[in-house]
Amino acid sequence: MPTWGLIAEMTVGTGDRKHVEAYVLTHVEGSYDEALAELEGRARRFTPEHPRNPKRRRLFRNGDGLVLVIDGSWQSYSARFTVAELLEDSAAPTPKREREPQPEPADAVPPRIPPMPSAAPTRYADGVPVKPTWLGRSDLP
């Protein structure tokens, strides 16, 4: 199943410092139509920082996405929303591989657990055993 990136390119800043920046809003797994429907819902709810007092808001569908044009008192601002298939991601988490269960043979014998020593272990003056009881057990990893 393909992974789709929902991308927003929007006007940021004001005056001479106004420019366009791109952001990945989210990723959607599923069909192209499902991703486009999710993108349209996000574009309809989108409220940018500028303009502060919008006078008119228009949302257009265009090929692989949508264009939102908002007219302010002095200037217009735009945001382009695009659906694009994710082909590569250098920071993607590595998928966890589940261990396949290994069938146990019918004649498998459970590992033998050695009996605990019956004699009291030799201890130091403070009561700590000289040789730990787990030392030498073959059933421990």
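Nothing in this text is a laboratory measurement; each read-out follows from the coordinates by a stated rule. Note that the structure is predicted; figures quoted are calculated from it, not measured. A quick note on method: Cβ atoms are made from the backbone with ideal geometry, for glycine too, and the neighbour counts reach across all protein chains shown.
Evaluated at q = 0.13, 0.14, 0.17, 0.23 Å⁻¹, a Debye calculation over the C-alpha positions of segment 1-78 (equal weights, vacuum) places log10 I(q)/I(0) at -0.43, -0.50, -0.69, -1.09. Sites listed here are trypsin sites (Lys or Arg not before Pro) in segment 1-66 whose DSSP assignment is loop and whose Cβ has at most 13 other Cβ atoms within 10 Å: K18, R52, K55.
In this structure the amide hydrogen of T14, modeled in the peptide plane, comes within under 5 Å of no amide hydrogen from residues 5 or more places off or on another chain.
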